[in-house]
Amino acid sequence: MMGLLLSLLSGLIFGAGLAISGMADPARVQAFLDIFGAWDPTLAFVMGGALIPMAIAWKLRKGMKKPLAAGAFDLPGTRQIDKKLALGALFFGVGWGISGLCPGPALADLAIAPGPAAIFIGAMLGGMALHKITVE
């Protein structure tokens with residue numbers, strides 16, 4: 001139960017940060033990806049800023065036997081870049097570029113622009129279900 005509450009709190013803080021900073025705005029994301037047009041570098045600063053706490057977290061994780069709020073770390077079993085990973089990244093990138101949304105901001109956008117966000121989330125859930133049916 002505690003893990004669920006921590007996950008919910010973390011998600012709320014993340015979503016609030018996205019909404020307050022404007023990073024949940026699909027137009028801002030699309031402007032970031034428009035490198036030959038009206039490029040907006042703001043998202044690059046957000047990504048760059050995320051590297052610092054992530055580097056600290058990876059360093060701390062090495063000294064931990066298990067996470068604070070879970071029984072074990074859930075890390076990928078391989079570092080291999082294969083066809084499935086490359087295709088998944090390609091589909092994610094194309095969807096991100098077209099819609100200006102990825103899963104975190106889409107959930108935050110339910111509070112800001114519920115119509116377009118709901119369409120994206122429906123498509124995302126459909127893709128997840130299709131993956132589950134075809135892979136498992």
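No value in this document is a laboratory result; all are computed from the given coordinates. In this text, all values refer to a predicted model and were calculated from it rather than measured experimentally. Note that each Cβ is placed from the backbone with ideal geometry, even for glycine, and that neighbours are counted across all protein chains shown.
By the combined test of axial Cα extent (at least 27 Å) and Kyte-Doolittle hydropathy (mean at least -1.0), the qualifying DSSP H helices of the chain come to 2-21, 42-62, 114-135. Excluding same-chain neighbours fewer than eight residues apart, the aspartates and glutamates reachable from Lys62 by a Cα-Cα span under 17 Å are Asp74.
When a/c is below 1.5 the answer is rounded, else prolate if a/b is larger than b/c, else oblate, so apply that to segment 71-128 with a ≥ b ≥ c taken from the square roots of the Cα gyration tensor eigenvalues. Judged from the Cα gyration tensor, segment 71-128 comes out oblate (a/c at least 1.5, b/c at or above a/b). For a straight C-alpha distance cut-off of 28 angstrom, the lysines reachable from Lys132 (same-chain residues fewer than eight places away being disregarded) are Lys66, Lys83, Lys84. The helix-only estimate of mean residue ellipticity at 222 nm for the chain, built from DSSP H runs of length n ≥ 4 each weighted as -39500 (n - 2.57), is -24000 deg cm²/dmol after division by the residue total.
About its Cα centre, the dipole of segment 1-131 is roughly 720 debye, where the only charges are +1 on Lys and Arg Cβ and -1 on Asp and Glu Cβ. Counted without the sites themselves, the longest stretch of the chain free of chymotrypsin sites (Phe, Trp or Tyr not before Pro) in a DSSP loop having at most 13 other beta carbon atoms within 10 Å is 74-136. Express in whole angstrom the spacing between the alpha-carbon centres of segment 1-66 and segment 91-105. Result: 14 Å between the Cα centres. For segment 1-66, the set of trypsin sites (Lys or Arg not before Pro) satisfying both a DSSP loop assignment and a count of at most 14 other C-beta atoms within 10 Å is given as Lys65.
For the chain, the residue among Ala16, Ala72, Met54 whose Cα projects farthest onto the positive side of the dipole built from Cβ charges is Ala72. Shape verdict for segment 33-99, please, from the Cα gyration tensor: rounded (a/c under 1.5), prolate (a/b greater than b/c) or oblate. Cα axes put segment 33-99 in the oblate bin.
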